[in-house]
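Please treat every number below as a calculation from the coordinates, not as lab data. It should be emphasised that the depicted structure is a prediction, and the values quoted were computed from it without experimental measurement. Here Cβ is always computed from backbone atoms with ideal geometry, including for glycine, and neighbour counts include all displayed protein chains.
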Amino acid sequence: MLLVDGLTKHFGARAVLDGLGLRVGPGEYVAIVGESGSGKSTLLNLIAGLDRPDAGRVEVDGTDLAALDDAGRTLARRRKLGFVFQSFHILPHLTVEQNVELPLVLLGATRDERAQRVGELLGAVGLGDRGISMPRELSGGELQRVAVARALVHRPALVLADEPTGNLDPDTAQTVLDLLGREIRSRGAGGVLVTHSEAAARSADRIVVLDHGRLREHAAA
Amino acid sequence: MWWLSWHVLAGYARQHRLRTLVQVLAIAVGVALGYAVHLINTSALSEFSSAVRAVTGQADASITATRDGFDEQLFAQVVAHPAVELASPVLELDVPVLGFEETRAPVLPLVGLDIFRAAALSQALMPVPADDAPRFAVLGDGVFLSPAALDRFKVRVGGELRVLAGTREARLPIVGTLPGARAGQVIGVMDLGHAQWRLDRLGKLTRIDLKLAAGTTVDSLAGALQLPPGVAITSADAETTRVSNLSRAYRVNLNVLALVALFTGGFLVFSLQAQATIARRSQLAFLRVAGVTSRELQSLLVVEASILGVAGSALGLLLGAAIASLTLNVLGGDLGSGFFTGTRPEVQYTPEAVGLFFLLGLGAAIAGSWVPARDAARTSPALAMKAGAEEDAFKPLGRAWPGLALLALGAVLVALPPVGGIPVWGYLSIMAVLIGAIALQPRLAHAVFTPLARRIEASALGARSPTLLLAVTRIAQAPSFAAIGMAGIVASFALMIAMATMVSSFRGSVDDWLNRILPAELYARVAQTGSIAYFPDSDLERLANHPGVARADFSRFARLQLDPARAQVLLVVRPYDVDRPNAELPLTGAAVPWTPDMPPPIWVTEAVVDIYGMRPGQTVELPLAGRMTAFKVVGVWRDYARQFGAIAMRTSDYQAATGDTTITDAALWLKPGYTPVRVAEELRAQMAAGAATEFVQPGDIRKLSLQIFDRSFAVTYVLEIAAIAIGLIGIAATFSSQAIARTREFGMLRHIGFTRGQILGLLAIEGALVTALAIAVGLATGLVVALVLIKVINPQSFHWTMDFNAPQGLIGGLMVALMAAAVVTAVIAGRRAVSIDAVRAVRDDW
């Protein structure tokens, strides 16, 4: 699902990532923890193809992102990746349904396919009756559940979650984490959760710590 | 992509209706003005061509001269030539009509025709006798009038028309009408022989219309005929082409001015699109993360602007057609230029023009959106999704070299000569200067506000007024963000200043010029320039010997056809003093010394120098009374009345060359104790041509001239006001969208203890500072553009120069008004933003 090998990234003279390696299999949910400034977001950007490494390889579902140009990486993201962000990034002018179906629209799915998948995912995240609501009518936890549905709707190979509970209260955060883990596992996708919260990390199958540009195993969740 | 366009982008447009509406209107107003001016000019030109066609009919070519005409012997030579299948002799005269209370006798264009010959060529002018007219009325001494002429002179068929022929009155019976004349065309037709006899033009013709034998061209016939000087053969289309050429510079100028509004609209689109992409920065970045490629994103944003452009263009075309239709119905085809006076045209729609102006509007919208779309597409999505990344937007705009390069390009272009009489490079230079100045705005903002922020921070003022410190620091740190909002203001204010300065310089120069050329206290003229009337000798004696007249200078005006493809040049004949020409002619440079052994002296206008290349010191030949006579050009004078040139000549030299001693004008200096009104009344009562004589005082001429000046610039003022309105709407929309984009920032400030009043104060200070910079840049740019208009565009278009004169009061008032408008709209826009709950405001995503 995800294979990261020898990943190196410098900012100036400072090596943020130094020959980092990581493997995530189908249905596996891995949490990456580390202190602020340890390079978690840089790693996530490289895995997502939003940035290019100085050295190393990022392979998602058999595709080496580092070997592609910007348009190629964008198309790879479109097909193979799903995202959940700390600040939700739900488009405010679209309804909940429209936000969730956006990845399917980009992939050219038919209207019926979209309606069926959106209904299925919204039901799975407990928002089956909120499809035509506008984002401003939803709470933070509900918005993040919309984001989870959107991240999974197009059956991505890998879901990347960047501090998905950073803006939520502990109870809501736990609900969202449980939902995210359950949906990733049940759909056979790989999952990478980046967080500085030990509590959030415990919802994953495996925890790795980013320290001085390298990953080391922490403990099983 | 249509799903994204409709739901993601149109959703934003629906949410921000004011912004969308302003952008559509900015394009619509520009397109409407451009299209309306184009329609009016094209329709007027087309109508004029039709009117010319109605007179010349189906002729292939015409032999023409000035209204002084040529000897009818030429007709015998022409009609006998084998290349001529049919020839129709014509006498065209401008006949003063008597019996009106108007200060100046109205003039009837009268055409004398050989009816039988003309029947084959000029059907539109075929006279139709009244039922009760004499049997051979078409061959009699009666006149046939068009319906518009009957209406104009308040006469009817069966009555009579009193006209002035030379120095005496003639009464012409009205025996029928001209049903083929065009609507609104004032014209009369008479039998040629009777016209020559009754109107004192025996043996004279002014035109011969020709139908050429198959295989003959106008050029070959011109070579075969021995035409006297001042007489030329021209093709049937030449007159239309000539009028088109005459008015071309004026029409192009007006079209360019109209497009200025579209140009400003394009900047407004840029300004608002740029802010819209900043406000949606994280949303657009999310689309990139979700799999929309940078090319797709750029296309989406350009499509968004294109939809605005399509809407604006469509609305603009409808508005333009309505404005043109209304203007033509109310004012006729003449927008104040005097080129198309007397025509009443119908609006002429062509698919080409619709397509052109539609594309211009669409192009302005796309051009305005290009930079914001490219910036959004090129921005790293990872960076753009971070809160606060908005400040990094449009960083490339902070580069100085594009602006400096454009200014340098403007300086190069301004030095290039006109293309076909049109100052194409001058217009492009103005565009380069404007875009260059706007491109430098972020750099200037950084250069001005960074040191200012440091000073305020270091001084006690920074501690006392955190609002001021915050405002200045923000502009200094994010100059592109501040400056893009001002693009529309810089463009509209610069053009406002340029137009106001150009008009003020022009008006001031015209005023000075009128003072110079009107030294006497009373002027008398018999009918209109170019008409067939002149003062009898007895009247000249009365004018000179009136007890109230200290000095009388007599003059006459004639016309010279120096080039058949160009307008006639006016010949001003007066007793000029060759040693003191400056007394009556506003010379632009030193006069060339003249001695009696040289050819007689003439003084030419700037237009004659530009068009015919006559320069001081040269000896030139002029066609006078059918032969070429040599003259020495001894000076150049400024003349705002005749765009196509005038030549001043001493009366003695004119009379020696032509034998024509007729006088049409008199300038009178009065003795103390006599008023112009009294002298005019007494002379009018005594003179034989008193009824047809117009007496005017210099003050009246000046007032009338300035009225005509203001009327001819009325369209310019309207276009200027439109540009100002777009600029002001732009300020409101700019501040509104900036305030909305900063809702989160204001929420944060409220959290840390800023009061709502302080935030409004912050917005007011930012608005004032940025607008002050925009005004300064706009003022400097506007004055440079004014210089280009005054020193390049006007001399190249109209062949006249003027003295630079910036209207300081008006400019000061505009600056204050713009500043006040900016501060007020900034605060009003900010009230909405700060009214949002502080907690909600700091939430992400909206």
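If you average the C-alpha positions of the range B:733-799 and of the range B:108-163 separately, how far apart do those two centres end up, in angstrom?
Cα centres, the range B:733-799 to the range B:108-163: 65 Å.
How charged is the neighbourhood of residue B:276? Take every other residue with its Cβ under 11 Å from the Cβ of residue B:276, and add Lys/Arg as +1 and Asp/Glu as -1. Let's see the in-between values first.
Details: positive: B:19, B:280, B:281; negative: B:304.
After counting each charged neighbour, the total is +2.
Once Lys and Arg get +1 and Asp and Glu get -1 on their Cβ, which of B:432, B:503, B:449 lies farthest toward the positive end of the dipole of the protein assembly as shown?
B:449
Neighbouring Cβ atoms within 10 Å as the yardstick, rank B:404, B:540 fewest first.
On the way: B:404 14, B:540 18.
If I rank by nearby Cβ atoms, fewest first, I get B:404, B:540.
Based on the mean of other beta carbon atoms within 10 Å per residue, what is the order of A:104-114, B:763-773, A:170-180, most packed first?
Details: A:104-114: 15.4, B:763-773: 22.5, A:170-180: 18.5.
The densest-packed peptide leads the list: B:763-773, A:170-180, A:104-114.
Summing +1 for each Lys or Arg and -1 for each Asp or Glu, what net charge is found among the other residues whose Cβ lies under 14 Å from the Cβ of residue B:155?
Surrounding charge for residue B:155 is +3.
Between residue B:416 and residue B:768, what is the spin-label point distance in nm, taking each point 7 Å from the Cα along the Cα→C-beta axis?
Each label point lies 7 Å from its Cα, and together they span 4.5 nm.
How far apart, in nanometres, would the label points at residue B:213 and residue B:154 be if each is projected 7 angstrom from Cα along the Cα-to-Cβ direction?
Once both label points are built, they end up 5.4 nm from each other.
Just counting partner chain Cβ atoms within 10 Å, what average do the residues of peptide A:44-55 show around their Cβ?
Rounded to a whole number, the mean comes out at 2.
Would you mind checking the tilt of helix A:70-80 against the longest principal axis of the Cα atoms of chain A, expressed as 0 to 90 degrees and rounded to 10?
Once rounded, one gets 60 degrees.
Which of B:188, B:685, B:413 sits farthest toward the positive end of the charge dipole of chain B, with +1 on the Cβ of Lys and Arg and -1 on the Cβ of Asp and Glu?
Result: B:413.
Is there a simple number for the mean count of other chain Cβ atoms within 10 Å of the Cβ of residues in A:138-144, and what is it?
1
To the nearest 0.05, how large is the calculated FRET efficiency for residue B:17 and residue B:816 if R₀ is 25 Å and r is the Cβ-Cβ distance?
Once the sixth-power term is evaluated, E becomes 0.20.
How about the range B:727-836: which chymotrypsin sites (Phe, Trp or Tyr not before Pro) there are in a DSSP loop, with at most 16 other Cβ atoms within 10 Å of their Cβ?
The qualifying sites are B:804.
Taking the alpha-carbon distance from residue A:80 and a cut-off under 14 Å, which aspartates and glutamates remain once sequence neighbours fewer than 8 residues away in the same chain are dropped?
A:59, A:61, A:64
Cα to Cα, under 27 Å, and not fewer than 8 places away if on the same chain: which lysines meet these conditions relative to residue B:671?
Hits, sequence-local ones excluded: B:703.
Between the range A:1-42 and the range B:585-649, what is the C-alpha centre distance in whole Å?
Answer, in whole Å: 87.
Taking the Cα centre as origin and putting +1 on Lys and Arg beta-carbons and -1 on Asp and Glu beta-carbons, what dipole magnitude results for the range B:58-235, to the nearest 20 debye?
Values: 16 positive and 20 negative charges, 53 e Å.
Magnitude of the dipole: close to 260 debye.
Give the long-range amide H neighbours of residue A:214: residues separated by 5 or more places, or on another chain, with amide H under 5 Å away, using H modelled in the peptide plane at 1.01 Å from N.
Residues meeting the criterion, in which the H sits 1.01 Å from N, are A:18.
Under a cut-off of 12 Å between alpha-carbon atoms, report the aspartates and glutamates in cross-link reach of residue A:9, not counting same-chain residues fewer than 8 places apart.
By straight Cα distance, residue A:9 reaches A:18, A:51, A:54.
Helix A:111-124 against the longest principal axis of chain A: what's the angle in degrees, Cα atoms only, rounded to the nearest 10?
Approximately 80 degrees, to the nearest ten.
So for the pair residue B:618, residue B:577, with labels modelled 7 Å out along Cα→Cβ, what separation do we get in nm?
2.9 nm
By counting other Cβ atoms within 10 Å of each Cβ, how are B:306, B:737 ranked from fewest to most?
B:306, B:737
Cut-off is 10 Å between beta-carbons; in what order do B:612, B:640, B:654 appear when sorted fewest neighbours first?
B:612, B:640, B:654
Going 7 Å from the Cα of residue A:54 in the Cα-to-Cβ direction, what parts of the range A:9-25 have a backbone nitrogen less than 16 Å from that spot?
A:9-21, by backbone N distance to the label point.
Dipole of the range B:522-696, Cα-centred, from +1 at each Lys and Arg C-beta and -1 at each Asp and Glu C-beta, to the nearest 20 debye?
160 debye
Mind checking which of A:146, A:48, A:90 is farthest towards the positive end of chain A's charge dipole, using Cβ charges of +1 (Lys, Arg) and -1 (Asp, Glu) about the Cα centre?
Toward the positive end, the furthest listed residue is A:48.
Against the longest alpha carbon principal axis of chain B, how many degrees, from 0 to 90 and to the nearest 10, is the axis of helix B:487-517 turned?
The answer is roughly 30 degrees.
Using 0.36 nm per residue, how much length does the chain from residue B:194 to residue B:71 gain when fully extended, once their Cα-Cα distance is taken away?
42.6 nm
Explain nothing, just the number: dipole magnitude of the protein assembly as shown about its Cα centre with +1 on each Lys and Arg Cβ and -1 on each Asp and Glu Cβ, in debye rounded to the nearest 20. Spell out each step's value before the answer.
On the way: 95 positive and 93 negative charges, 492 e Å.
Here the size comes out at about 2360 debye.
For residue B:505, what is the net charge nearby, where nearby means another residue's Cβ is under 12 Å from its Cβ and Lys, Arg count +1, Asp, Glu -1?
So the surrounding residues net to -1.
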